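In what follows, a single structure is set out as structure tokens and then discussed.
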Amino acid sequence: MVSRVIPVEPFDLVIFGGTGDLARRKILPGLYRRFVDGQMPAEARIIAAARSENTDAAFRDTVRAAISEFVTPEKQDATCIAAFLERLSYVRVDATGSDGWQTLADKMRKDVIRAYYFSVGPGLFGDLARRLHRHGIAGTRCRIVVEKPFGHDLESARDLNVTLAEHFDEQQIYRIDHYLGKETVQNLMAVRFGNMLFEPLWNARNVDHIQITVAETVGVGGRGGYYDKAGAMRDMVQNHMMQLLCLIAMEPPYAFEPDAVRDEKLKVIRALDHVEPEQIVRGQYLSDEDGPGYLEDVENPDSRTESFIAMKLNVSNWRWKGTPFYIRTGKRLRARTSEIAIVFKDPPHSIFGDQESHKSNVLVIRLQPNEGINLKVTIKEPGPGGMRLIEVPLDMSFKEALGPGADDIPDAYERLIMDVIRGNQTLFMRGDEVEAAWGWADPVIAGWEEGGDRPIPYDAGSSGPEDALMLMHRDGRRWREVKA
Ligand code: BG6
């Protein structure tokens, strides 16, 4: 596979929280990969800003170690690493005080794009935005990138939007949802709107239901403090899964342009019905030989926060009325797998009589691992013995179809950062979208909080609580297996 890499314009990228975990694992290794691929121009500079005392040399050493840990060996080239590290520097900056700001201001060049990545808690977004202005280093060619969580509920998200809007135009604000940067998520749009095959069938007349699964094998680990206040609903559903649902359910935008796409996604969120308690199953993982249970992980024996959630959602519009969307996500499940399955209806009449093996068509979009698309079709079982039907997959693994190079798909973060520099907001959430998603999530969360609901314990390494299976069985449907 030959991929075309077009270098972006020269830029100064400041990463607030530049020594944090996200910067170490994702942002900096991702930027290095873009550098190796020739997408980052020689004049680009990356400045890490954080509270602690540090030197350029010590910071570069930590980035060197991060590259060796998180970048595939084929991309690790001593000369490239040295050239990349030369572009890096460190500034000690106090987000809530005045220390370090003048030093940072002196470093910023006037004639290049300025991007400020807020890889810090949302409590500091306002402080950073204000100080960037006060020190004269914002300006019209500047962009800010804000990490999740974007608020904790509708009110806090609104407050954040208001605070940011005091200093930046919406066109300068890039709210990251890294799921939108995943290759297959974008492929979902290519499959839907780049082919005639699927779109005419993409509606309640032909689709029986849709399943979205994001299963993880990891537990909440060291993030218990944050996670226990969020739970799967705030951590995964309100943002990542909502975005996936929007891309599946939305109407064709008039162009693949930021506001055209975001307008259509917003309409989907607004068409989502309220979710009643009987449409929700929440769970908490138990301990096993591989690790502690949820309650021990978060050190809160009374926690009512869910590490698993399954829901049945209805989108009330002409296209989808009557076709439910079942979504589920959880930690410490059997396998790490994320997929979207579009399950089509049965043909209106079977000319072959009742055949057990005759199943409906299913289009599966695999987000990870082994990104690809799979369509299950019914054919005749070869050989004598009459007309027996079997189901076979038309399978397209990107790796197999695109050959060497498909392995080299950029990670979500590196793709999104390059979009920030290019000034392309298509894969970022607009303020009203985030507010609408919270506006939908808040009453659902309030429902279980008011009811005093407790999540159901489930075995680590399973596919979640039995009740989640029942959620579909009741409707005469079944989940696809959670398997690697
Ligand atoms: C993050 C959540 O946004 O997404 C994590 O905070 C979750 O809890 C992660 O593990 C999943 O992302 P990915 O890309 O590994 O599927």
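The values are calculated or read from the model by the stated rules, or taken from the named source; none is laboratory data. Please read all numbers here as calculations on a predicted model, not as lab measurements. Quick reminder, even Gly has a Cβ in these numbers, built from the backbone with ideal geometry, and neighbours come from all protein chains shown. We work out accessible area using only protein heavy atoms, side chains counted, and drop any ligands, DNA or RNA first. Shrake-Rupley method; radii C 1.70, N 1.55, O 1.52, S 1.80 Å.
Observations
- Shape class for segment 127-263: oblate, because the ratio a/c of the largest to smallest gyration tensor axis (alpha-carbon atoms, square roots of eigenvalues) is 1.5 or more and b/c is at least a/b.
- Mean projected area of the Cα convex hull of segment 259-316, taken over all directions, amounts to 6.4 nm².
- Kirkwood hydrodynamic radius of segment 324-462, from the reciprocal of the average inverse Cα-Cα distance over all distinct pairs: 20.1 Å.
- Cα centre as origin, Lys/Arg/Asp/Glu Cβ charges: segment 389-455 dipole, Debye: 200 debye
- Computed accessible area, residue 109, all protein chains, 1.4 angstrom probe, square angstrom: 50 Å²
- Total charge dipole magnitude, the chain, about the Cα centre, Cβ charges on Lys, Arg, Asp, Glu only, Debye to nearest 20: 980 debye
- Estimated dipole of segment 62-212 in Debye, rounded to 20 [Cβ of Lys and Arg +1, of Asp and Glu -1, Cα centre]: 420 debye
- Within the shell of other residues whose beta carbon sits under 12 angstrom from the beta carbon of residue 401, the net charge comes to -2, with Lys and Arg scored +1 and Asp and Glu -1.
- Antiparallel content of DSSP bridges confined to the chain, in %, to 5: 55 percent
- Every pair of different Cα atoms in segment 21-79 enters the Kirkwood calculation, which places the hydrodynamic radius at 12.2 Å.
- Ranking 426, 214, 325 by how far each Cα lies toward the positive end of the dipole of the chain (charges on Cβ) leaves 426 at the top.
- Across the options 161, 139, 171, the greatest Cα extent toward the positive end of the charge dipole of segment 73-183 (unit charges at beta carbon of Lys, Arg, Asp, Glu) belongs to 139.
- Rounded to the nearest angstrom and listed largest first, the equivalent-ellipsoid semi-axes of segment 303-376 from its Cα gyration tensor are 28, 19, 13.
- Here segment 186-276 yields Rg over Rh of 1.04, to two decimals, using C-alpha coordinates and the Kirkwood radius.
- Surface accessible to a 1.4 Å probe, residue 226 within the full protein complex, Å²: 70 Å²
- Cα shape, segment 19-158, gyration tensor, a/c 1.5 rule: prolate
- From its DSSP helices (H runs of at least four residues, each -39,500 (n - 2.57)), the chain gives a residue-normalised ellipticity at 222 nm of -9500 deg cm²/dmol.
- Relative contact order, percent, the chain [alpha-carbon distance under 8 Å, six or more residues apart]: 18 percent
- Rounded to 5, percent antiparallel among DSSP beta bridges of segment 267-412: 100 percent
- Cα centroid separation - segment 143-161 against segment 72-133, whole Å: 21 Å
- Across the options 295, 412, 443, the greatest Cα extent toward the positive end of the charge dipole of the chain (unit charges at beta carbon of Lys, Arg, Asp, Glu) belongs to 412.
- GluC sites (Glu not before Pro) restricted to DSSP loop in segment 331-428 with at most 16 other C-beta within 10 Å: 356
- In the chain, the alpha-carbon atoms span a convex hull of 168 Å³ per residue.
- Cα centroid separation - segment 238-267 against segment 180-206, whole Å: 12 Å
- Cross-linked pairs 321/376; 229/312; 345/399; 376/483: Cα-Cα separations exceed 20 Å for 321/376; 229/312; 345/399.
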